[in-house]
1. Taking the range 88-110 as the search range and keeping residues that are hydrophobic (A, V, I, L, M, F, W, C) and more than 15 Å from ASP75 (Cβ to Cβ), which one is surrounded by the fewest Cβ atoms within 10 Å (Cβ to Cβ)?
2. State which residue is nearest to ALA69 (Cα to Cα) when the search covers only the range 123-149 and only residues that are modelled with pLDDT under 90 and in a strand (DSSP E or B).
3. Please determine, by comparing only the residues of the range 39-63 that are of a type outside the set (Phe, Trp, Tyr) and either within 14 Å of SER109 (Cβ to Cβ) or not in a loop (DSSP other than H, G, I, E, B) (or both), which one is most open to solvent (accessible area, probe 1.4 Å).
4. I'd like to know if the range 1-14 contains one or more residues that are more than 26 Å from VAL125 (Cα to Cα), modelled with pLDDT of 95 or more and in a strand (DSSP E or B).
Amino acid sequence: MIGLNLSGADLSGGIFRESWFTDARLVGTRLIDVDLYRADAERADFSRADLTRASLVRANLDDAELRGAVLDGADLVKASLYGVDASAASLRGTRLMGASLIDVDFRGSDLSQAIVRENTFKVTVDETTNFTGMSGTLFGPCPADHSGR
């Protein structure tokens with residue numbers, strides 16, 4: 001599925017284990033309860049997509065766009081997120097365990113009730129990033145952006 005445009009589609013409940021979504025456009029796509037175990041979604045655009053309760057275990061989301069996406073209750077165990085724009089995303093109750101989150105933009109995101117354990121974090125947050133009820137452990141810097149950008 002390299003480079004496909006699936007924007008606005010409803011793929012909810014789909015099983016896409018080890019699928020290729022490299023460079024795919026999934027803007028506003030409904031992906032509720034999908035199984036994306038070990039999927040390669042490098043450089044995919046999930047802006048405003050609904051990934052509620054999605055299984056993204058061991059998924060490659062490097063350089064993906066998750067601006068305004070909903071990942072509430074998603075499972076990102078051992079997922080790779082390098083250079084991801086997740087600004088204004090909702091990750092309420094998301095499981096981020098053993099994941100690599102390097103150069104991830106979480107400005108304006110909601111990480112309330114998220115569970116984080118043994119992650120590598122190098123993320124950017126701001127005063128609007130919500131961490132209420134977040135639990136677990138983090139390794140690495142989490143700088144706040146106070147520039148007003």
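The values are calculated or read from the model by the stated rules, or taken from the named source; none is laboratory data. Worth saying up front: this structure is predicted, and the values here are computed from it rather than measured. Cβ sites come from the backbone with ideal geometry, for glycine too, and all protein chains shown count toward neighbours. We work out accessible area using only protein heavy atoms, side chains counted, and drop any ligands, DNA or RNA first. Shrake-Rupley method; radii C 1.70, N 1.55, O 1.52, S 1.80 Å.
1. Out of the qualifying residues, it is ILE102.
2. ALA144
3. ARG48
4. Yes.
Here is a yes/no grid of residues against (1) in contact with an Asp or Glu (Cβ under 8 Å, 6 or more places away or on another chain); (2) closer than 27 Å to GLY133 by Cβ:
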residue: VAL27; (1), (2): yes, no
residue: ASP35; (1), (2): no, yes
residue: ALA54; (1), (2): yes, yes
residue: ARG58; (1), (2): no, yes
residue: VAL84; (1), (2): yes, yes
residue: THR94; (1), (2): yes, yes
residue: MET97; (1), (2): yes, yes
residue: ASP110; (1), (2): no, yes
